[in-house]
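Novice: I'd like to ask some things about the structure below.
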Amino acid sequence: MNGEDPTDGHDFISSLPDAILHLILSSIPTKSAIRTSALSKRWRHVWSETPSLSIDSHRVVARSINKTLSTFSSPKVATFHLRTCLANRIQHVDAWIEFAVNRHAEKLSLEFRDTRVRDYDFPDSFYANSTVKQLLIESGSVAMKPKCHVSWISLKSLSLSYCKLSDEAIVKILCGCPLLESLELMFCDEFRCLDLSRSPRVVRLEIDRSDWFLGPTEIVAPHVHCLRLRHSRLPCRLVDVSCLKEANLNIYFCDLGTLTGDFLQGNVVKMLAKLQNVEKLTVGATFLQMLSLAALCDVRFPTLKVECLTLETMIVRSVVPGITRLLQNSPGLRKLTIHTVKCSIISEAHLNSYLRSHSLNQRQCWRSKDTAFPGSMETISMLVGKYAESNLVASFVERLLRSTRSLETMVVLLVGYLDASGFEELVAMATRLSHKRNVFISIKQSHVQNVSNTFS
């Protein structure tokens with residue numbers, strides 16, 4: 001084409017414009033991109049002008065990384081990812097971070113893979129970064145202690161994992177992020193109050209807590225639209241989430257022996273009450289079990305405005321009372337999704353012990369008209385595997401349908417598989433239920449290729 005000889009030694013990729021080559025090299029680790037410089041004279045310096053650097057220094061000496069960065073010629077880096085150990089490299093890490101700041105990296109990702117260095121302080125230039133828009137830090141319990149004014153004036157997305165944050169530090173950070181829209185705090189420790197009342201642009205909040213990384217016990221987020229909260233035995237109080245439209249809640253583990261008599265009403269159900277304006281709600285198995293205990297203890301449930309409800313749960317009888325009450329108190333529910341997942345749940349022995357401590361007969365509770373469901377926790381613990389009974393799934397579906405008023409669509413996602421005959425039986429049962437209840441029902445199964453059915 002255009003008089004060029006296709007046999008002049010240039011392959012098709014080499015003939016592409018530099019901008020396209022830079023885009024291609026940006027999708028692979030920098031170490032691999034550098035190797036392309038040996039292909040030909042055309043490729044010798046292409047890597048050094050790519051808008052993205054991804055460096056894994058775990059098995060590379062610091063001198064080699066310093067040489068790579070000194071050879072890099074692009075005046076700006078769009079994405080800078082660093083995975084490293086801090087031990088014996090603190091000065092080098094400081095220099096690498098300053099390199100990213102000086103090259104105006106808009107997306108900055110830092111992964112520290114060792115837990116031995118807990119006294120590392122980020123350089124001041126790290127906190128005075130006016131160009132970064134997306135910041136991700138995954139550390140081995142490194143404490144973020146900004147000693148200077150934080151100036152992340154362009155930052156829109158912040159994700160911190162395994163970091164130590166004092167209440168003072170989180171306030172400083174939030175004050176320095178006027179454009180922040182999304183905040184993720186994954187297993188961060190030490191701070192107890194998260195106040196986003198002065199962060200009006202933050203509309204998405206995600207928090208994971210555990211027994212070792214406690215995180216906040218109080219959340220003030222009046223502007224947040226989407227909340228995902230996974231927490232441990234310590235309660236987390238939602239003070240203000242008045243603009244919330246979408247929520248995903250679960251409790252990883254709960255030691256029922258530590259719960260006081262007013263725990264259910266004072267925390268779990270009150271947390272649910274804060275979600276009265278939520279339109280899209282997802283709840284996990286242990287949260288449903290706690291709601292079941294609240295229902296069995298005659299705790300009053302709030303009325304919800306939920307239109308789409310997703311239940312991520314094992315199909316066990318201990319979740320039925322909680323689900324039933326949720327459905328009964330969601331008069332505007334249009335779509336219900338049941339996603340069976342393998343997860344940790346509270347044992348039936350612990351649940352029964354809790355009921356006895358409240359002077360309740362567990363047998364009567366589980367067999368009452370409002371909570372009855374065939375089988376014990378052990379016999380219906382997971383509907384996976386070829387021995388799962390399709391009639392148990394159908395019974396569970398029918399039980400939930402009886403608790404809804406305005407449901408239009410039900411989606412059942414089965415993790416694992418039924419054998420062919422079992423799935424066909426479930427299809428037939430779901431078809432009859434669909435016609436009887438006038439509800440569109442979709443039955444799907446993961447780990448089985450192209451196996452799904454819908455009925456209406």
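Novice: From the phi of every residue in the range 195-208, what ³J(HN,Hα) in whole Hz does the Karplus formula 6.51 cos²θ - 1.76 cosθ + 1.60 yield, where θ is phi - 60° and glycine or proline is x?
Specialist: Along the range 195-208, the couplings run 10, 9, 5, 9, 10, x, 8, 6, 10, 10, 9, 10, 9, 10 Hz.
Novice: Shifting gears a bit: For the range 122-192, which whole-number percentage of the solvent-accessible area (1.4 Å probe, protein heavy atoms only) is attributable to carbon and sulfur atoms? Before the final figure, lay out the partial values.
Specialist: Details: 1410 of 2630 Å².
Carbon plus sulfur share of accessible area: 54 percent.
Novice: Related question: Mind ranking Glu181, Glu206 by accessible surface for me, highest first, 1.4 Å probe? Numbers along the way, then the final one.
Specialist: Values: Glu181 70, Glu206 25 Å².
Correct descending sequence by accessible area is Glu181, Glu206.
Novice: How large is the accessible surface per residue of the range 299-345, computed with a 1.4 Å probe and reported in Å² as a whole number?
Specialist: 36 Å²
Novice: May I pose another question? Would you grab the residues whose amide H sits under 5 Å from the one on Ile338? Only those 5+ places off in sequence or on another chain, please, with H modelled 1.01 Å from N.
Specialist: Leu311, Val411, Val412, Leu413
Novice: To continue, here is another question. Leaving out ligands, DNA and RNA but keeping every protein chain, what accessible area does His231 have, in Å² rounded to the nearest 10, with a 1.4 Å probe?
Specialist: His231 exposes around 10 Å² with every protein chain in place.
Novice: Now a separate question. Go through 343-351, 432-440 and give me the packing order, highest mean Cβ count within 10 Å leading. Show your work: numbers first, answer last.
Specialist: On the way: 343-351: 16.6, 432-440: 14.7.
The densest-packed peptide leads the list: 343-351, 432-440.
Novice: Need the C-alpha centroid separation for the range 92-142 versus the range 286-309, integer Å.
Specialist: If you average the Cα positions of each part, the centres end up 43 Å apart.
Novice: Under 5 Å between amide hydrogens, which residues at least 5 positions from Leu196 or on another chain qualify, with H placed 1.01 Å from N in the peptide plane?
Specialist: Hits under the 5 Å cutoff: Val220, Ala221.
Novice: Something else now. Report the local net charge at Ile338: Lys and Arg +1, Asp and Glu -1, summed over other residues whose C-beta lies under 14 Å from its C-beta. Could you put the intermediate results ahead of the total?
Specialist: Working: positive: Lys335, Arg399, Lys444; negative: Glu312, Glu398.
That sum, taken over residues with Cβ under 14 Å, equals +1.
Novice: Another question, if that's okay. Can you list the lysines whose alpha carbon sits under 21 Å from that of Lys245, skipping same-chain ones fewer than 8 residues off?
Specialist: Leaving aside lysines fewer than 8 places away in the same chain, those within reach of Lys245 are Lys156, Lys270, Lys274, Lys280, Lys305, Lys335.
Novice: Please list Lys41, Lys270, Lys335, Lys164 in order of solvent-accessible area, largest first, computed with a 1.4 Å probe with all protein chains present.
Specialist: Working: Lys41 160, Lys270 125, Lys335 85, Lys164 45 Å².
Largest to smallest exposure gives the sequence Lys41, Lys270, Lys335, Lys164.
The values are calculated or read from the model by the stated rules, or taken from the named source; none is laboratory data. The model shown is predicted, which means the values in this text are computed figures rather than measured ones. For neighbour counting, all protein chains shown are included, and Cβ atoms are generated from backbone atoms with ideal geometry for every residue, glycine included. For the accessible areas, the whole protein counts, side chains as well, though only heavy atoms, and no ligand, DNA or RNA atoms are used. Shrake-Rupley method; radii C 1.70, N 1.55, O 1.52, S 1.80 Å.
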